[in-house]
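Asks: If you scroll down you'll find the structure; I have some questions about it.
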Amino acid sequence: MALFGASSALLVAHFKTVQGPKPLQTARLLRHLQGMMRRNADRELISDWLRQYQDDVFKIYIVDEKGDELLQRVVPEALLQALKEKPPMPLRGFSRFSRPGMPPLMDRAELEQPLFIKPVVLNGELFHLLIDNRRLRGLARLFHPFGIAGRIVIAFILSGAICFFLASYLIIPIKKLQSATHRIAGGQFSDSIQAEIIARKDEIGDLGRDFEYMAKRIESALLSQQRLLRDVSHELRSPLARLQIALGLAHQRSNGLIEPELDRIELEVERLNDLVAQSLSLARLNNQIQLAEKKPLNLNEILIQAVLDADYEAQEKQCRVVLAESAQCTILGDSTLMLSALENLLRNAVNYTPVDTQVEVSIELSDDEIVVTISDQGDGVPEESLDDLFKPFFRVDEARTHLNGGYGIGLAIAERAVHLHQGRIQASNSENGGLIMRIVLPLLIDFPLGQAVEK
């Protein structure tokens, strides 16, 4: 609004001039003065007459032979100089430029002269009538005293006040709604929408109430999902324990006749028991808003331990897990939970990297953050599925089994554990093939970079 107003004012000031006195106005003034000359009006009456014709554009002066002005004003130097150089024409009868019912007026061209100078005799004393018909142009008009500049300034002040009010009334509540959506995305559903927004009677209030309703519905759905997962997992624990006892008794009484079948049942029970344990771990982590206990941890030591365990498990698949680069750094958190997150990510990488290849692990320090990178040499993941990898029970290949993809819980546990450490996990495909997992954690204490090691 300010730019529009300023540009409009400048354009108008540039292309339009201040209208000086019109010829008819000047002629009328001269007619009045001529009548006063005939009546031999005194000096005070002429002064009163002169005052009523003054404005910011139409400047009229009556100067005596000494150069003193009748109203004791300062006469512009240009007028005094013109009075000296230009022989004044006596005030005479008017010839042209007439209107019905009015005496003849003088020539229009003479009335439009920039500097109009006429000698007049008032009460027996010689004076000179000076009219400044010069017009102001461009910026001079804009900033002329008592011109349009004052109105423009007032308009800008009022426009600014209105804009500030609109910004306060509209933009600030929208910013608060934006902050509320961030809190909802972070899992904080209760009281996420401020009461002052909900209480509004306009469209923003309607939007706030819709946001509050949406937040409650999402919270209810998530709590129901977590409760179902927790309850089902708990309910499965007891029959699984009884099934394992029954398997032990069956082994004792079978005399080796159905040993292969019993071994197969025992394997499936162990897998089911592992699935239940992971589901309970995920449900427990989802119910946590923050870590119950935090303490300084040497992340490099925890990562070395996870790499050693994963490398041992990878030998069965004839591949390696290598710590390519390390850095001594400290975070604040839970060592068991962080170790579990790293182990789940490493197992996933080992599961998908081909035989006779290696999974590379590294730690880098970046400003006040720690970046742990885990990269395999597998086939990668479709780009549209990268954001879904950390959802519970998500499978890129819907037809895959436990043997070629797990249950889809490990990455969800890792993501939640890292989130509780105020960090984040990012998944991306490598240009050379394979999947890259990056864990970004806040740095508590940093030490000089260690030498690259292999484990």
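Asks: Restricting attention to the stretch 138-165, and to residues there that are closer than 11 Å to residue 2 by Cα and of a type in the set (A, V, I, L, M), which single residue is modelled with the lowest pLDDT?
Replies: In this case the residue turns out to be 152.
Asks: Among (1) in a strand (DSSP E or B); (2) touching a residue at least 40 places away in the same chain (Cβ under 8 Å), where does residue 276 come up short?
Replies: (1)
Asks: Considering only residues that are farther than 30 Å from residue 298 by Cβ and not in a loop (DSSP other than H, G, I, E, B), which ones fall in the stretch 371-390?
Replies: Within the stretch 371-390, 383, 384, 385, 386, 387, 388 qualify.
Asks: Please count how many residues of the stretch 343-362 are touching a helix residue (DSSP H, G or I) at 6+ places or on another chain (Cβ under 6 Å) and over 15 Å from residue 427 (Cβ atoms).
Replies: Counting residues in the stretch 343-362 that are touching a helix residue (DSSP H, G or I) at 6+ places or on another chain (Cβ under 6 Å) and over 15 Å from residue 427 (Cβ atoms) gives 3.
Asks: What pairs come out if I take residues in the stretch 218-240 that are over 24 Å from residue 265 (Cα atoms) and pair them with residues that are part of a helix (DSSP H, G or I) and modelled with pLDDT of 80 or more whose C-beta lies under 9 Å away, six or more apart or interchain?
Replies: Close Cβ pairs (under 9 Å, with a partner that is part of a helix (DSSP H, G or I) and modelled with pLDDT of 80 or more) amount to 218/184; 219/184.
Asks: Quick check, is residue 303 in a helix (DSSP H, G or I), at pLDDT 85 or above and surrounded by fewer than 14 Cβ atoms within 10 Å (Cβ to Cβ)?
Replies: Values: in a helix (DSSP H, G or I): yes; at pLDDT 85 or above: yes; surrounded by fewer than 14 Cβ atoms within 10 Å (Cβ to Cβ): no.
Considered against the rule, which asks whether it is in a helix (DSSP H, G or I), at pLDDT 85 or above and surrounded by fewer than 14 Cβ atoms within 10 Å (Cβ to Cβ), residue 303 comes out as no.
Asks: If you don't mind, another one. Checking the condition under 30 Å from residue 332 (Cα atoms), of a type in the set (S, T, N, Q) and assigned to a helix (DSSP H, G or I), which residue from 281, 233 passes?
Replies: 281
Asks: For residues that are of a type in the set (Val, Ile, Thr) and touching a residue at least 24 places away in the same chain (Cβ under 8 Å), tally how many sit in the stretch 177-213.
Replies: Here the count works out to 4.
Asks: Among the listed residues 337, 345, 365, identify the single one that is modelled with pLDDT of 85 or more and more than 20 Å from residue 308 (Cα to Cα).
Replies: Numbers: 337 fails: more than 20 Å from residue 308 (Cα to Cα); 345 fails: more than 20 Å from residue 308 (Cα to Cα).
Sole residue among the options that is modelled with pLDDT of 85 or more and more than 20 Å from residue 308 (Cα to Cα): 365.
Asks: Inspect all residues belonging to the stretch 226-233 and state whether any of them is closer than 25 Å to residue 412 by Cβ, in the same structural domain as residue 377 (by TED's automatic domain parsing), surrounded by 14 or more Cβ atoms within 10 Å (Cβ to Cβ) and among the small types (Gly, Ala, Ser). It would help to see each step written out before you state the result.
Replies: Filtering the stretch 226-233 for residues closer than 25 Å to residue 412 by Cβ gives 226-233.
Cutting the leftovers down to in the same structural domain as residue 377 (by TED's automatic domain parsing) gives us none.
No, there is no match, as no residue in the stretch 226-233 is closer than 25 Å to residue 412 by Cβ, in the same structural domain as residue 377 (by TED's automatic domain parsing), surrounded by 14 or more Cβ atoms within 10 Å (Cβ to Cβ) and among the small types (Gly, Ala, Ser).
Asks: Among all residue pairs at least 6 apart or on different chains, which show Cβ distances below 6 Å where the first residue, located in the stretch 41-53, is among the charged types (D, E, K, R) and the second is surrounded by 14 or more Cβ atoms within 10 Å (Cβ to Cβ)?
Replies: Taking only residues 6 or more apart or on different chains, the pairs are 42/123.
Asks: Being assigned to a loop (DSSP other than H, G, I, E, B) and either over 24 Å from residue 353 (Cβ atoms) or modelled with pLDDT of 85 or more (or both) is the requirement here; does residue 451 meet it? Give the derivation first.
Replies: On the way: assigned to a loop (DSSP other than H, G, I, E, B): yes; either over 24 Å from residue 353 (Cβ atoms) or modelled with pLDDT of 85 or more (or both): yes.
For residue 451, the condition - assigned to a loop (DSSP other than H, G, I, E, B) and either over 24 Å from residue 353 (Cβ atoms) or modelled with pLDDT of 85 or more (or both) - is met.
Asks: Taking the stretch 2-47 on its own, how many of its residues are at pLDDT 70 or above, part of a helix (DSSP H, G or I), within 19 Å of residue 128 (Cα to Cα) and not hydrophobic (A, V, I, L, M, F, W, C)?
Replies: Number of matching residues: 9.
Asks: Right, next: Which residues, counting only those in the stretch 48-76, are modelled with pLDDT under 75 and acidic (Asp, Glu)?
Replies: Within the stretch 48-76, 55, 56 meet the criteria.
Asks: Quick one: what pairs do we get from the stretch 419-442, first residue closer than 24 Å to residue 377 by Cα and assigned by TED's automatic domain parsing to the domain that holds residue 345, second crowded, with 19+ Cβ neighbours inside 10 Å and acidic (Asp, Glu), C-beta under 8 Å, 6+ apart or different chains?
Replies: 425/415; 434/376; 435/376
Asks: Do we find that residue 269 is at pLDDT below 80, of a type outside the set (Asp, Glu) and part of a helix (DSSP H, G or I) in this structure?
Replies: So residue 269 does not fit the description; no.
Asks: I'd like to verify a number: residues in the stretch 192-217 that are within 21 Å of residue 419 (Cβ to Cβ) and assigned to a loop (DSSP other than H, G, I, E, B), how many? Even if it seems obvious, please write down each step before you answer.
Replies: Start the filter on the stretch 192-217 by keeping residues that are within 21 Å of residue 419 (Cβ to Cβ), which leaves 192, 215.
This time we only want the ones that are assigned to a loop (DSSP other than H, G, I, E, B), so: 192.
Adding up the residues that qualify gives 1.
Asks: Now, a different point. Check the stretch 384-396 and report whether any residue there is at pLDDT 80 or above, on the phi > 0 side of the Ramachandran plot and touching a strand residue (DSSP E or B) at 6+ places or on another chain (Cβ under 7 Å).
Replies: No, that holds for no residue.
Asks: Related question: Could you tell me how many of the residues in the stretch 359-377 are of a type outside the set (Ser, Thr, Tyr) and surrounded by fewer than 20 Cβ atoms within 10 Å (Cβ to Cβ)?
Replies: Going through the stretch 359-377 one residue at a time, the tally reaches 6.
The values are calculated or read from the model by the stated rules, or taken from the named source; none is laboratory data. As the structure is a computational prediction, the values presented were derived from the model and not from experiment. We place every Cβ from the backbone using ideal geometry, glycine too, and count neighbours over all the protein chains shown.
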